[in-house]
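Q: One structure, as structure tokens, below. Some questions next.
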Amino acid sequence: MNLRPARMEDEVFLYRLRHDEAYAAASFGPPPDQNKHRAWLQDVLLDKAGERVWIIEDAGSLLGCVRVSVTREVSIALTAEHRGKGHGTEAIRRVLDLWRQWNGPTAFKARIKPENAASRRAFAKAGFVETEVVMEYRPNG
Ligand SMILES: CC(C)(COP(=O)(O)OP(=O)(O)OC[C@H]1O[C@@H](n2cnc3c(N)ncnc32)[C@H](O)[C@@H]1OP(=O)(O)O)[C@@H](O)C(=O)NCCC(=O)NCCS
């Protein structure tokens, strides 16, 4: 497996991934429309989006992406066919290693919904520890 920086030609792959049902359910905001998504990726490539994005590849296949924000929040998504095979855990470890090589020891965080057992377990296996319970009140359910 390899991590490489996202490129403009990853636009369609990233857009489809962002609209994947499980990733959309795991995310904290709604998936963007195509124009917003393109503008976001352009900003990422110009280093104006407040986050870095890597593509997870293996033997020429695109497996998913991993993102690290300026606040050192890590998020990750794999395409459905590549889940449950250890790639998520490995990609999280890899991105932390890459970051360490450039910037030295760094603290990271991840925001994960309680029902997302695979994500909680993958981050825990990569060395993350659960530290917070966040409660929300949503007037519209
Ligand atoms: C979350 C995600 C990145 C995890 O990557 P993955 O490659 O599927 O996970 P791994 O194969 O590395 O498995 C990690 C652990 O979770 C467990 N696991 C995997 N799927 C699971 C599931 N559906 N329920 C419970 N545990 C699960 C695995 O068994 C493994 O634990 P183990 O080694 O103790 O058996 C991936 O499932 C995904 O892309 N999901 C959709 C998007 C998403 O939820 N992103 C996270 C946003 S924070």
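Coordinate-derived values only; no laboratory data. These numbers come from a predicted model, not from an experiment. Here the Cβ positions follow ideal geometry from the backbone for every residue, glycine too, while neighbour counts run over all protein chains shown.
Q: Please give me, ordered by residue number, the chymotrypsin sites (Phe, Trp or Tyr not before Pro) of the range 39-141 that lie in loop per DSSP and have at most 13 other Cβ atoms within 10 Å.
A: Within the range 39-141, the qualifying chymotrypsin sites (Phe, Trp or Tyr not before Pro) (loop, at most 13 other Cβ atoms within 10 Å) are Y137.
Q: Restricting to DSSP H runs of at least four residues, report the calculated mean residue ellipticity at 222 nm for the chain, -39500 (n - 2.57) per run over all residues, nearest 500 deg cm²/dmol.
A: Result for the chain: -11000 deg cm²/dmol, rounded to the nearest 500.
Q: Assuming 0.36 nm per residue, please report the length gained on full extension of the stretch K48 to K109 beyond their Cα-Cα distance.
A: 19.9 nm
Q: Under 24 Å from the Cα of K125, which lysines turn up, not counting those fewer than eight places away in the same chain?
A: Straight-distance partners of K125: K85, K109, K113.
Q: Follow-up question, since we're still on this one. Taking the range 56-138, which GluC sites (Glu not before Pro) meet the DSSP loop condition and have no more than 14 other C-beta atoms within 10 Å?
A: Those that pass, being in a loop and sparsely packed, are E115, E130, E132, E136.
Q: What Kirkwood hydrodynamic radius, in Å, does the chain give when the mean of 1/r is taken over all pairs of distinct Cα atoms and then inverted?
A: 15.8 Å
Q: Let me know the charge dipole size of the range 81-121 about its Cα centre in debye, to the nearest 20, where only the beta-carbon of Lys, Arg (+1) and Asp, Glu (-1) is charged.
A: Using Cβ point charges on Lys, Arg, Asp and Glu, the range 81-121 gives about 140 debye.
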